[in-house]
Amino acid sequence: MIVTAVLALDHGTTLDETVAAVTALERAGVAAVTVLDAADSSGVTPFESTTLAAHLAMTTSTIGIVAANSALYGFPYHAARRLATLDHLAAGRSGWMLRTATGVDEESAYDWRSTLGPAEELHRATEYAEIALELWASWEDGSQWPDVVTGDFKDDARIHPIDYRSTSFRVAGPLDVPPSPARRPVLFGGVRTEHEAVALRPVVDVAIVVARDRSQAERLVSSARGASRILLAIATEEGGEGLVVGAAEPIAILVDELGVDGVALRGSVSGAAAIADLAAQLGATRDEGPTLAEALGITERMSYGGRAA
């Protein structure tokens, strides 16, 4: 079973505590971990997710490191560049958890309050992700070829602009960061409504179903079919997002009955030891291979042109 974890930072969480939590999850066989920041928790946290992910990538060796990053704020080109760099640092073990909704604190921080409704914001977020995917695909296979004599490292004939045009964005491209060992980060998206599941299905590699009850989980799983991997969010702490199931055995039964690929265990950094124990009881396993895509068994999605295959 694929087991991932989504951890929320506490106000007083230290860097050492965060590293220790992720290391415990790595030992338990967890395939990937996301550490959420203040934009997701509506509180004050000591770290920003993307830069924290870079540090976690350097202190781990097998677990996938997934950065939570808004798909509404900032420029898609800058996000694609930053996340591609993270994937280089992680040697292909990185991912991107798309943040597709606007939080009140995040609105205030950016001094921009969206006048769009949830449907329009979701559409903007999918365009944002599409741009990143096209930028990562702007370098063909074989476009990198170090030439000691000339000092050049790329074949410009195999690097193309994307010329993306939409209501919200205009991006010329190409990206100025070459493909990473995995070609690009793995894209994760939390789905809480059927509309969200359908909208994100074309752009995410892994859909995480965040449901209130089994009936809603069944509907969301059905709507998310088509994503390479579907995971069920399990709340491991009181008040957390996801289904409250409890022990490993009923979780495993539910995963089998819903026909999903695994779970995303949600909790706090301070509760990571209990999450690691639960992951071990669930028989957390990764596929062989150094990259996150290989660990999840979705390498065909990462190849040049693979998303359209």
- prompt: Once you sort the root eigenvalues of the Cα gyration tensor of segment 7-96 as a ≥ b ≥ c, which label holds: rounded (a/c under 1.5), prolate (a/b larger than b/c) or oblate (the other case)?
  reply: oblate
query: Restricting attention to segment 247-300, which GluC sites (Glu not before Pro) occupy a DSSP loop and are surrounded by at most 10 other Cβ atoms within 10 Å?
result: 288
query: Rounded, prolate or oblate: which one fits segment 129-262, using the alpha carbon gyration tensor with axes a ≥ b ≥ c (rounded when a/c is under 1.5, else prolate when a/b beats b/c, else oblate)?
result: prolate
message: Is there a quick way to get the dipole size of segment 134-222? I mean about its Cα centre, with the Cβ of Lys and Arg at +1 and of Asp and Glu at -1; what is the value in debye to the nearest 20?
response: 540
- line: Rounded to the nearest 5, the percent of DSSP beta bridges in the chain running antiparallel is 10
Sum of side-chain charges, residue 217 neighbourhood, beta-carbon under 12 Å (Lys, Arg +1; Asp, Glu -1): 0
field: Most mobile of 190, 242, 151 in a GNM of the chain (Cα contacts under 10 Å)
entry: 151
statement: A correct Kirkwood calculation over the Cα atoms of segment 44-198 returns a hydrodynamic radius in Å of 16.8
Cα-based equivalent ellipsoid, segment 193-256: semi-axes from gyration tensor eigenvalues, Å: 21, 12, 10
- request: Give, as a single signed number, the net charge of other residues whose beta carbon lies under 12 Å from the beta carbon of residue 21, with Lys and Arg counted +1 and Asp and Glu -1.
  value: -3
- prompt: What residue among 29, 240, 64 has the largest mean-square fluctuation in a Gaussian network model of the chain, using Cα springs under 10 Å?
  reply: 240
- request: Would you calculate, for the chain, the mean residue ellipticity at 222 nm contributed by helices, counting each DSSP H stretch of 4 or more residues as -39,500 (n - 2.57) and dividing by all residues, to the nearest 500?
  value: -11000 deg cm²/dmol
query: Any idea how far the Cα center of segment 251-269 sits from the one of segment 167-242, in Å?
result: 15
query: What ranking of 58, 97, 1 emerges when the number of other C-beta atoms within 10 Å of each C-beta is taken as an exposure proxy, fewest first?
result: 58, 1, 97
- prompt: Dividing the alpha-carbon radius of gyration of the chain by 2.2 N^0.38 Å (N being the number of residues), what value is obtained?
  reply: 0.97
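We did not get these values from a lab; they are worked out from the coordinates using the rules stated. Since we're looking at a predicted model, the values are computed, not measured. Positions of Cβ are generated from backbone atoms using ideal geometry, with glycine treated the same way; all protein chains shown enter the neighbour counts.
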